[in-house]
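The values are calculated or read from the model by the stated rules, or taken from the named source; none is laboratory data. Because the structure is predicted, anything quoted here is derived from the model rather than measured. Positions of Cβ are generated from backbone atoms using ideal geometry, with glycine treated the same way; all protein chains shown enter the neighbour counts.
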Amino acid sequence: MIPADSPAQLWPRPRGLLLDAMGTLIGLRVTVGHTYASLAADHGISVDARAIDRAFPDVLRQAPPLAFPGLDGDRLLEAERGWWGERIDAVLEAAGAEGAGASPAPTALHHALFDRFADPSLWHVYAEVPAVLHRWHRAGLRLAVVSNFDRRLQPLLEGLGLGDLFERVVVSSSAGAAKPSPLPFQLALDSLGLTASQVWHVGDSPEDRAGAGAAGIRCLLVRRP
């Protein structure tokens, strides 16, 4: 872990930790491109998995925040599916997908991909994470997740055996704002009953550092290969 500002050993001991999810706690077992290409083929669309992997990061960077203020229930789920459907179409187009219905992709493919990434078997917990989380938990640290994702995350963490370790899972879609906004962090602080000076945030992206900083929270960045 690399401190975002001053050396972590000089910081006051925290009472709680806020943690990012994807790239920090969990990762995919196979690439996004592999899964997209496989399910696209089931719908008569041909696309190279490597081209998907090259296009996907740029499509996400250019996307509006995965955040829907004021929505909940079925309306929120519809908005989440719609947001990802637009990203799927953009990725397939950028990757040169071919076949009937390649652009835009069938709604059935949108839903199939959305549901597939909700399956815990597609994900893995990074090797060191369970022991570290349990050690922090036993030490009395209050733990919460803050992620630029949607409502699939809570069931994913539960399916991966991590759900009971977190007092709150804040996702951008239902929070109504995404990192680097400080709002998701503030929601997590409020749920833990702690102040910004009493917690650290652990993440892996510039958005983690910027969002934590905007909320007045110290940040550690994980550097994975």
Next on the checklist: Can you find a residue that is part of a loop (DSSP other than H, G, I, E, B), more than 18 Å from the chain's Cα centre (by Cα) and of a type in the set (A, V, I, L, M, F, W, C) anywhere in the stretch 72-92?
Outcome noted: no
Checklist entry - Just a yes or no: is a residue in the stretch 113-125 farther than 26 Å from R223 by Cα and without any contact (Cβ under 8 Å) to a residue 12 or more places away in the chain? => result yes
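Return a yes/no flag: does the stretch 74-89 have any residue that is out of contact with any Phe, Trp or Tyr (no Cβ under 7 Å at 6 or more places or on another chain), modelled with pLDDT under 95 and acidic (D, E). Let's see the steps before the verdict.
We begin by selecting, within the stretch 74-89, every residue out of contact with any Phe, Trp or Tyr (no Cβ under 7 Å at 6 or more places or on another chain); these are 74-75, 77-78, 80, 82-83, 85-89.
Of the ones still in play, those that are also modelled with pLDDT under 95 are none.
Scanning the stretch 74-89 turns up no residue that is out of contact with any Phe, Trp or Tyr (no Cβ under 7 Å at 6 or more places or on another chain), modelled with pLDDT under 95 and acidic (D, E).
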Checklist outcome for this item: Result of the Cβ filter at 9 Å on the stretch 42-58, keeping first residues that are within 12 Å of L92 (Cα to Cα) and partners that are surrounded by fewer than 17 Cβ atoms within 10 Å (Cβ to Cβ) and among the charged types (D, E, K, R), at least 6 apart or interchain, is I45/E98; S46/E98; V47/E98; A55/E93
Item to check | Enumerated helices (runs of 4 or more DSSP H) restricted to the stretch 143-225, each holding at least 1 residues that are more than 26 Å from D74 (Cβ to Cβ) and touching a helix residue (DSSP H, G or I) at 6+ places or on another chain (Cβ under 8 Å) | outcome: 183-192, 206-214
